[in-house]
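Novice: Before I ask anything, here is the structure I am working with.
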Amino acid sequence: QHSNGDTEKIKAKFIIDASGYGRVIPRLFNLDKPSSLQPRKAVFAHVNDPHRGSYDEPNRIIIISYAPGAWVWIIPFSSGITSLGFVSDHKFFEPFGHDLDTQFQALIENNDYLKTRFSQSQRIFEPRKLEGWSTKTERFFGDGFVLTGNVTEFLDPIFSSGVMFATVSSHLATNLVIKKLQGSYVDWQEEYTNTLQSGVDTFKAFVNGWYDGTLEKIFY
């Protein structure tokens, strides 16, 4: 559908679904499956960050280990605005109040670094939440289509593994689609699914290791 409301049908020999968390084909064909990862919650907002330059490596993404199983993202944008988010299981947020605004401010005040940098920061929008984001699909390919990146399986924002999956899977899928359209046989299970799944499983182990404290012990 175009911006003026007109619609048209487009035919293609093959579709690469790179819709990310939009997950177009899995939702159309009911391919979604529940993830084996524990459901978690994120509370976040965008805030002004005028004193960013006073801190170490101000233009890099910073991850803070807030508490066992809880962490903070600090993502600086070139506009001077910063995305600030808290991630953990649902029980972690309960002592910090019941509404998102109270939780967000209390979490800032409870950490010396965050309190100094963000306590007085103006919010671009009020705190929002994301919950239960981990999901996966029954299969990564089908008749005339292949799924890439977070469409195949979305794990967790820690480590930004979705960026790696997006680039690796799209490169792999594109070469295989070209091969198929040129008339060659493609074993999608072996050449695509199994290869990608090994990477997903590796990062899943990292995600679980982060939240159960194993990686923190190794790192720190």
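The values are calculated or read from the model by the stated rules, or taken from the named source; none is laboratory data. It should be emphasised that the depicted structure is a prediction, and the values quoted were computed from it without experimental measurement. Heads up, the Cβs are rebuilt from the backbone with ideal geometry, glycines too, and the neighbour counts pull from every protein chain shown. For accessibility, only protein heavy atoms count, side chains too; no ligands or nucleic acids. Shrake-Rupley method; radii C 1.70, N 1.55, O 1.52, S 1.80 Å.
Novice: Could you work out the mean projected area of the convex hull around the alpha carbons of region 8-66, in square nanometres to one decimal? Can you show the working numbers first?
Specialist: Numbers: hull surface 35.8 nm².
So the Cα hull casts an average projection of 9.0 nm².
Novice: Related question: Could you give each residue of region 96-111 its phi-based ³J(HN,Hα) in whole Hz, using Karplus coefficients 6.51, -1.76, 1.60 with θ = phi - 60°, and x for Gly or Pro?
Specialist: 9, x, 9, 9, 5, 4, 5, 4, 4, 5, 5, 5, 5, 5, 7, 10
Novice: Oh, and also: Karplus couplings for region 120-129 from phi (6.51 cos²θ - 1.76 cosθ + 1.60, θ = phi - 60°), rounded to Hz, Gly and Pro as x?
Specialist: With coefficients 6.51, -1.76 and 1.60, one gets 9, 6, 6, 8, 6, 8, 5, x, 10, 10 Hz.
Novice: Which percent of the accessible area of the chain is formed by carbon and sulfur heavy atoms (probe 1.4 angstrom)?
Specialist: Summing carbon and sulfur atoms, their accessible area is 53 percent of the total for the chain.
Novice: For region 115-195, take the convex hull of the Cα atoms, compute a quarter of its surface area, and give me that in nm², please.
Specialist: Working: hull surface 32.2 nm².
Here the figure is 8.0 nm², rounded to one decimal.
Novice: Now, a different point. Please compute the length gained on full extension between I61 and Q38, using 0.36 nm multiplied by the number of residues separating them and subtracting their Cα-Cα distance.
Specialist: Numbers: separation 23, 0.36 × 23 = 8.28 nm, distance 2.46 nm.
Gain on stretching I61 to Q38: 5.8 nm.
Novice: Between D201 and R52, what is the spin-label point distance in nm, taking each point 7 Å from the Cα along the Cα→C-beta axis?
Specialist: Here the answer is 4.0 nm between the modelled labels.
Novice: Output needed for region 62-104: three equivalent-ellipsoid semi-axes, defined as square roots of 5 times the C-alpha gyration tensor eigenvalues, in descending order, whole Å.
Specialist: Numbers: eigenvalues 96, 38, 6 Å².
Semi-axes from the Cα gyration tensor: 22, 14, 6 Å.
Novice: Grab the beta carbon distance between H2 and S78, set R0 = 35 Å, and tell me the FRET efficiency rounded to 0.05.
Specialist: On the way: r = 31 Å, r/R0 = 0.89.
Efficiency for this residue pair is about 0.65.
Novice: Taking K and R as +1 and D and E as -1, what net charge do the other residues with C-beta under 15 Å from the C-beta of S88 add up to? Display every interim value, and only then the final one.
Specialist: Values: positive: R40, K41, K91, K129; negative: D89, E94, E131, D156, D212, E216.
Net charge around S88: -2.
Novice: Now for a separate question. Taking region 79-146 as the region of interest, what is the percent of Cα-Cα pairs per 5 angstrom bin, listed from the shortest bin to the one with the maximum distance?
Specialist: All Cα pairs considered, the percentages come to 3, 12, 22, 18, 13, 7, 6, 6, 7, 4, 1.
Novice: Could you work out the helix-only [θ] at 222 nm for the chain, with each DSSP H run of four or more residues adding -39,500 (n - 2.57) and the total divided by the number of residues, to the nearest 500 deg cm²/dmol? Intermediate values should be presented prior to the final figure.
Specialist: On the way: 7 runs with 71 residues, N = 220.
Here the helix-only value at 222 nm equals -9500 deg cm²/dmol.
Novice: Give, as a single signed number, the net charge of other residues whose beta carbon lies under 14 Å from the beta carbon of T174, with Lys and Arg counted +1 and Asp and Glu -1. Walk me through the numbers before you get to the answer.
Specialist: On the way: positive: K13, K179, K180; negative: D17, E191.
Net charge in that neighbourhood comes out at +1.
Novice: Relative contact order of the chain: what whole-number percent is it, with Cα pairs under 8 angstrom and at least 6 residues apart?
Specialist: On the way: 298 pairs, mean separation 54.9, N = 220.
In percent, rounded to a whole number, it is 25.
Novice: Still on this structure, I have one more. Given a Förster radius of 22 Å and the C-beta distance between T102 and F125 as r, what FRET efficiency does 1/(1 + (r/R0)^6) yield to the nearest 0.05?
Specialist: On the way: r = 16 Å, r/R0 = 0.74.
Efficiency, rounded to the nearest 0.05: 0.85.
Novice: Accessible area per residue for region 62-220 in Å², computed with a 1.4 Å probe and the full protein assembly in place, what is it? Please report the intermediate quantities before stating the final value.
Specialist: Details: 8130 Å² over 159 residues.
Heavy-atom accessible area per residue stands at 51 Å².
Novice: Further, regarding this structure: Expressed in nm², what is the orientationally averaged projection area of the convex hull enclosing the Cα positions of region 20-143? Intermediate results must be reported in sequence, preceding the final value.
Specialist: Working: hull surface 38.5 nm².
Projected area, direction-averaged: 9.6 nm².
Novice: Quick one: 3J(HN,Hα) in Hz for region 190-204, Karplus 6.51/-1.76/1.60 with θ = phi - 60°, rounded, Gly and Pro as x.
Specialist: 7, 7, 10, 4, 5, 5, 5, 5, 4, x, 4, 5, 5, 5, 4
Novice: Here are some values of percent of Cα pairs over 33 Å apart: (i) 13; (ii) 22; (iii) 30. Which one was computed from this structure?
Specialist: Given (i) 13; (ii) 22; (iii) 30, the calculated one carries the label (iii).
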